[in-house]
Amino acid sequence: MKDEKSLFTRIIEGEIPSFKIFENEYVYSFLDINPASYGHTLVVPKEPASSLHELSQESAAELGKALVRISKSILEVTGVTSYNIVQNNGSEAGQTVFHVHFHIIPRYSDSNHELTWPTGSLDNKDASELAHRISMSIM
Ligand code: 5GP
């Protein structure tokens, strides 16, 4: 039978080694194996959802709390004051490990990782309709 566990579940369970930073009942955090900068950290829910929108409310809330705590510690230890939080969902968005995770990426004065995109402009009528539609579908 095929092993359905994600790579990150295997890390959480200790089957694959990691440099652990934090763990509680809901969250596991460890250093990224291919860091974009010194201190690049992954924060992962133990719940094995593939994309963020599939997470339970409880897990999402705990993940949010852990992100703030871990970010503070990374700032303290690395001495940076700037950092990026990146979270990819789906292969077209650049996700390569299909278990929800947040990247915390410290930004140094000589950091050159890119997180920019060409910008568009918002049409007032379209925006009003779109905001209304999304707003009405939030559960
Ligand atoms: P994604 O592209 O899905 O947003 O990010 C996946 C991240 O997981 C990448 O930054 C990659 O370096 C990291 N990663 C992949 N495999 C491993 C691993 O075995 N150990 C650790 N610590 N990080 C990994």
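Before moving on, here are some points about what is shown:
- Residue in segment 70-77 that is open to solvent by 70 Å² or more (accessible area, probe 1.4 Å) and touching a Ser or Thr at 6+ places or on another chain (Cβ under 6 Å) present: no
- Subset of segment 87-116 (residues that are within 26 Å of Glu54 (Cα to Cα) and either hydrophobic (A, V, I, L, M, F, W, C) or not in a loop (DSSP other than H, G, I, E, B) (or both)): Ser91, Glu92, Ala93, Val97, Phe98, Val100, Phe102, His103, Ile104, Ile105, Leu115
- In segment 52-67, the residues that are more than 15 Å from Thr41 (Cα to Cα) form Cβ pairs under 7 Å with partners that are open to solvent by 40 Å² or more (accessible area, probe 1.4 Å), at six or more places apart or across chains, as follows: Leu52/Gln87; Leu52/Asn89; Leu55/Glu47; Ser56/Glu47; Ser59/Tyr26; Ser59/Glu47; Glu62/Tyr26.
- Residue check for Ile33: surrounded by 18 or more Cβ atoms within 10 Å (Cβ to Cβ) and either under 21 Å from Gly94 (Cα atoms) or in contact with a strand residue (DSSP E or B) (Cβ under 9 Å, 6 or more places away or on another chain) (or both): no
- One residue from Asn84, Asn88 being in contact with a Leu (Cβ under 7 Å, 6 or more places away or on another chain) and of a type outside the set (Lys, Arg): Asn84
- When Ser29, Ser50 are checked against the criterion of being within 14 Å of the chain's Cα centre (by Cα) and not in a loop (DSSP other than H, G, I, E, B), Ser29 stands alone in meeting it.
- Only residues that are in a helix (DSSP H, G or I), aliphatic (A, V, I, L, M) and near the ligand (Cβ under 10 Å from one of its atoms) were counted in segment 1-26, giving 2.
- Test: residue in segment 32-42 that is within 15 Å of the ligand (Cβ to nearest atom) and assigned to a strand (DSSP E or B): yes
- Residue count, segment 99-139 (criterion: free of Cβ contacts under 8 Å to residues at least 24 places away in the same chain, open to solvent by less than 100 Å² (accessible area, probe 1.4 Å) and not acidic (Asp, Glu)): 8
The values are calculated or read from the model by the stated rules, or taken from the named source; none is laboratory data. The shown structure was predicted, so the numbers you read here are calculated from the model rather than taken from an experiment. Cβ: placed from backbone, ideal geometry, glycine included. Neighbour counts: every protein chain shown. The accessibility values were calculated without ligands, DNA or RNA, using every heavy atom of the protein model including side chains. Shrake-Rupley method; radii C 1.70, N 1.55, O 1.52, S 1.80 Å.
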